[in-house]
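Comments concern the structure below.
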Amino acid sequence: MLIGGEQVAGDGPVLDVENPATEETVSSVGTASPEQLDAAIAAAREASSGWASTPAVERAELLHEVATRMRAMTDDVARVLTAEGGKPLIENSDEVGWTAAAFDYYAEMGRNFAGRVIPSIESTQLALVVKEPTGVWGAIVPWNYPLLLLAWKLAPALAAGNSVVAKPSELTPLSTLMLASAFSDLPPGVVNVVAGAGDVGAALVGDPRIDGVAFTGSVATGKKVAAACAERVARMNLEMGGKDPFIVCADVAGDLDVAARGGAWAAYLNAGQVCTSAERFYVQREIYDDFVSAFVEQARSLRVGDPLDSSTDVGPMVSAPQRAKVEAQVSAAVAAGAELLVGGDRAGLDRGHFYAPAVITGAPASTDLLREETFGPVAPIVPVASLDEAIELANSTPFGLGANVYTRDLETAVRCLREIRAGTVWINDPLTDNDAGPFGGFKQSGFGRELGQEGLEAFQETKHVHIETKIAPKEWWYPYGSAR
């Protein structure tokens with residue numbers, strides 16, 4: 001772990017990290033004892049004021065160095081990401097690059113924005129809005145994109161002048177712990193990384209020295225984080241998953257192969273274990289049969305297997321319990337009348353948490369498969385009679401993280417981006433991230449935003465400064481009885 005600038009072994013219970021492709025133990029990691037977590041938070045608190053007062057240009061240089069060091073570690077870190085998480089190696093190499101890019105982006109963003117001047121109410125006055133660091137943040141990161149989702153929190157927090165204590169998922173701690181050397185030029189205590197399960201996360205969230213918590217994970221855990229932060233009025237930024245719709249309009253009849261390929265990418269990337277995975281397909285009836293045929297062909301063409309093999313498209317799911325949850329949703333939908341057209345088995349593999357990309361039709365709207373987050377490689381496809389029906393169904397769940405639309409019609413596109421209640425709406429290009437574009441959700445998908453200027457402001461306090469340059473009494477002061 002990384003505590004106060006030093007790498008130390010955890011004194012707490014040992015975590016065995018499993019390779020989801022082989023079900024073998026990759027490594028064992030000591031977790032943070034209560035004393036070590038206390039030391040990490042104390043180190044962050046001690047480093048906080050010095051880092052906050054460091055000029056933004058100096059912070060930027062150090063964050064650029066973090067990015068450079070991360071890129072130099074790409075091959076080694078990507079292989080560890082693959083071993084502990086199961087994403088194909090090519091995707092993990094990309095993740096390291098995206099992670100570094102986030103540090104480069106916020107290095108410059110932190111130099112560029114610290115507030116604004118606003119019009120004053122008198123000619124002798126100066127009025128400012130000043131953006132200041134919050135203090136110490138806790139960052140709790142999930143297993144599906146352990147480095148990227150850490151960077152979306154850590155990079156803006158550091159650029160804003162905060163110090164951080166980060167906790168990776170107990171399923172994928174190794175790659176995050178490997179990054180310790182990338183932070184070696186930062187002042188000790190500015191970045192601390194501790195390993196542990198839910199007990200360590202709960203202790204981090206509940207500590208009064210933590211001024212804010214940035215969390216990505218399940219709705220159930222996010223609600224616990226929110227309650228703990230609310231209890232002590234700590235800042236929070238929560239991203240809690242989704243049930244993203246994917247709308248295919250009749251006007252793309254001539255491009256169904258492209259729409260099907262885009263849909264397969266959106267549904268099966270990282271074995272469907274993406275917060276913004278397409279988990280509900282609504283296809284206009286005129287093209288429904290042809291789209292289903294094209295989609296099934298895409299699903300059948302995907303190669304499931306060893307994530308270290310360059311020809312693999314879909315690796316294993318992260319764990320046996322995660323796969324079991326997906327299997328239960330699919331089984332319940334089939335029992336309720338749905339038809340499994342392809343996939344849904346172990347892809348002929350005896351070991352590993354593999355699940356062949358599935359396509360399902362006829363699922364009743366009341367099933368969990370169309371209501372609750374699946375987080376697996378499953379694509380339920382539903383015919384709709386109109387765009388009105390598609391938008392109504394898209395908005396029908398408690399989630400609102402992202403949505404996808406395929407259409408050639410500008411009016412349709414504009415209507416969808418306005419009427420679909422989701423934090424991101426992708427039109428004709430699913431799941432593309434942009435460091436400058438804010439990311440977050442509506443409804444139970446969370447609140448707050450990561451990325452973009454909004455992602456920086458999430459880690460800043462706003463202060464209004466009012467300056468009167470002329471020392472003189474104002475006519476509206478006491479006593480009221482004096483002449484005006």
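Roughly how many whole Å is it from the C-alpha centroid of the stretch 181-197 to that of the stretch 1-79?
After rounding, the separation between the Cα centres reads 4 Å.
How much length is gained on full extension from Asn434 to Val233, taking 0.36 nm per residue of separation minus their Cα-Cα distance?
Net length gain for the segment: 69.2 nm.
Counting only pairs 8 or more places apart or on different chains, how many lysine pairs in the chain have C-alpha atoms closer than 25 Å?
Lysine pairs meeting both conditions in the chain amount to 25.
Which whole-number percent gives the relative contact order of the stretch 297-406, counting Cα pairs below 8 Å spaced six or more residues apart?
Result for the stretch 297-406 is 21 percent.
Simple spin-label model, 7 Å along Cα-to-Cβ: Arg346 to Ala9 in nm?
Result for the modelled spin labels: 3.6 nm.
Distance between the C-alpha centers of the stretch 398-447 and the stretch 285-299? Whole Å please.
Going from one Cα centre to the other spans 23 Å.
What dipole magnitude, in Debye to the nearest 20, does the stretch 306-397 give about its Cα centre under +1 on Lys/Arg Cβ and -1 on Asp/Glu Cβ?
Details: 5 positive and 13 negative charges, 55 e Å.
I would put it at about 260 debye.
If you take the charge dipole of the stretch 389-484 about its Cα centre, with +1 on Lys and Arg Cβ and -1 on Asp and Glu Cβ, which of Gly437, Val465, Thr407 is farthest toward its positive end?
Val465
Return the calculated 222 nm mean residue ellipticity for the chain, to the nearest 500 deg cm²/dmol, obtained by summing -39500 (n - 2.57) across DSSP H runs with n ≥ 4 and dividing by the residue count.
-12000 deg cm²/dmol
Give me, ordered by chain and number, the residues 5 or more places off Leu15 or on other chains with an amide H under 5 Å from its own placed amide H.
The list, which skips near neighbours in sequence, is Val29, Gly30, Thr31.
Taking R0 as 35 Å, what FRET efficiency do you get between Thr25 and Ala365 from their Cβ-Cβ distance, rounded to the nearest 0.05?
0.25
I'd like to compare 13-25, 127-139: which one has the highest average count of other Cβ atoms within 10 Å, and what's the full order after that?
Highest mean packing first, the order is 127-139, 13-25.
Rg/Rh for the stretch 332-484 to two decimals, with Rh computed the Kirkwood way over all alpha-carbon pairs.
Rg divided by Rh gives 1.28.
Evaluate the relative contact order of the chain (contact order divided by residue number), counting alpha-carbon pairs under 8 angstrom at least 6 apart; express in whole percent.
Result for the chain is 18 percent.
Quick test of the membrane-span-like rule: which DSSP H helices of the chain reach at least 15 Å along their long axis (C-alpha atoms) with mean Kyte hydropathy at least 1.6?
148-159
Can you give the charge dipole size of the chain about its Cα centre, rounded to the nearest 20 debye, using +1 on the beta carbon of Lys and Arg and -1 on the beta carbon of Asp and Glu? Please list the in-between numbers first.
Values: 37 positive and 63 negative charges, 291 e Å.
Approximately 1400 debye in magnitude.
How much area per residue is accessible in the stretch 413-484 when the probe is 1.4 Å and only protein heavy atoms are counted (Å²)?
63
Kindly rank 363-376, 49-62 from highest to lowest mean number of other beta carbons found within 10 Å of each residue.
Packing proxy ranking, top to bottom: 363-376, 49-62.
Can you pull the semi-axes for the stretch 61-102, root of five times each eigenvalue of the Cα gyration tensor, sorted largest first, whole Å?
Gyration-tensor ellipsoid for the stretch 61-102: 20, 9, 7 Å.
The values are calculated or read from the model by the stated rules, or taken from the named source; none is laboratory data. Source: prediction; values computed, not measured. Cβ: placed from backbone, ideal geometry, glycine included. Neighbour counts: every protein chain shown. Quick note on the areas: whole protein, heavy atoms, side chains included, nothing else; ligands and nucleic acids left out. Shrake-Rupley method; radii C 1.70, N 1.55, O 1.52, S 1.80 Å.
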